[in-house]
Amino acid sequence: MRIEAGTQTFAARRRLSETVPGVSLARQHRVLRRLAPEIGPQPYLLAGGWLVTEWLAGEPCGDAVPVEALAELLYRLHGQPRFGWRIPLLKLLAFYWQEAAPERRSLLWLRTLRRLRQVGEPTPLKLSPLHMDVHGDNLIMTQGGLRLIDWEYAGDSDIALELAACGLGERLIDAYAAQSGLSRKRLARQVQRWQPWVQTLAASWFERRWQQTRQQHFIQLADDAWRRLQCREHER
């Protein structure tokens, strides 16, 4: 919700009705209190199931994400002190499977979950605080530069997981490697290791959103994601 009080404007978010692993208003509040002010909105209040923060004046990037500016923003974020909790990927994936519509659970989905559990997460290239929901609608171009909103999935994990989850491919890898001084080849290889995790998480999230909204485009997005995973499985 957007709240206007005199000359001030605030953003207010209500607590979720469901319990999603690793997601809570209290964690979002702690995240925003720790962040440098040029990365995300400042928090004002956590009470009564609501989190009230600064309203960032600016425009969402939408499809026109400025890759160089995003690489700089992510590099600054990844240099912040860690939040203190790991992103629970396996728990999230298990949650989406358990909450999915029974007719949508497939052998491919089950095989993918079992494989990921068996191999485990890649060893982090660098363990850092991540946003984990970076897309054009959560990127706000303000007068002071690019900033991120909606921190509910934030936690500590590998920087390459964040880059994989952004879905911007080689352009972001190139820009981030140049910004950070990391080996571009090594970074790209690590991003590739995270792709099965990111694709499974995206497909699972689309399944959950379809069940919640019954909007057909979420089923189409889920089906596309499962097809990519099936192609990857055939390539193994």
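The values are calculated or read from the model by the stated rules, or taken from the named source; none is laboratory data. Because the structure is a prediction, the values reported are computed rather than measured. Cβ coordinates were reconstructed from backbone atoms using ideal geometry, including for glycine residues, and neighbour counts include every protein chain displayed.
In the stretch 3-19, the qualifying residues are those that are surrounded by 12 or more Cβ atoms within 10 Å (Cβ to Cβ) and of a type outside the set (A, V, I, L, M), and the one that is nearest to Gln98 (Cα to Cα) is Arg15.
Taking (1) out of contact with any Phe, Trp or Tyr (no Cβ under 8 Å at 6 or more places or on another chain); (2) at pLDDT 90 or above; (3) hydrophobic (A, V, I, L, M, F, W, C) in turn, Leu32 satisfies each apart from (1).
For the stretch 46-136, which fully contained helices (runs of 4 or more DSSP H) count at least 1 residues that are over 16 Å from the mean Cα position of the chain (by Cα) and under 30 Å from Glu4 (Cβ atoms)?
Fully inside the stretch 46-136 and qualifying: 67-78.
One residue alone among Glu99, Glu103 is out of contact with any strand residue (DSSP E or B) (no Cβ under 8 Å at 6 or more places or on another chain), of a type in the set (Asp, Glu) and loosely packed, with under 11 Cβ neighbours inside 10 Å, and that residue is Glu103. The set of residues in the stretch 25-50 being small (Gly, Ala, Ser) and exposed (fewer than 15 other Cβ atoms within 10 Å of the Cβ) consists of Ala26, Ala36, Ala47, Gly48, Gly49.
Where helices (runs of 4 or more DSSP H) sit wholly within the stretch 158-230, those with at least 1 residues that are surrounded by fewer than 21 Cβ atoms within 10 Å (Cβ to Cβ) occupy 169-180, 184-213. The single condition among (1) in contact (Cβ under 8 Å) with a residue 12 or more places away in the chain; (2) more than 28 Å from Gly169 (Cβ to Cβ); (3) surrounded by fewer than 18 Cβ atoms within 10 Å (Cβ to Cβ); (4) of a type outside the set (Lys, Arg) that Ala69 does not satisfy is (2). Scanning the stretch 106-121 for residues that are touching a residue at least 40 places away in the same chain (Cβ under 8 Å) and in contact with a Leu (Cβ under 8 Å, 6 or more places away or on another chain), we see that the one that is surrounded by the fewest Cβ atoms within 10 Å (Cβ to Cβ) is Leu108.
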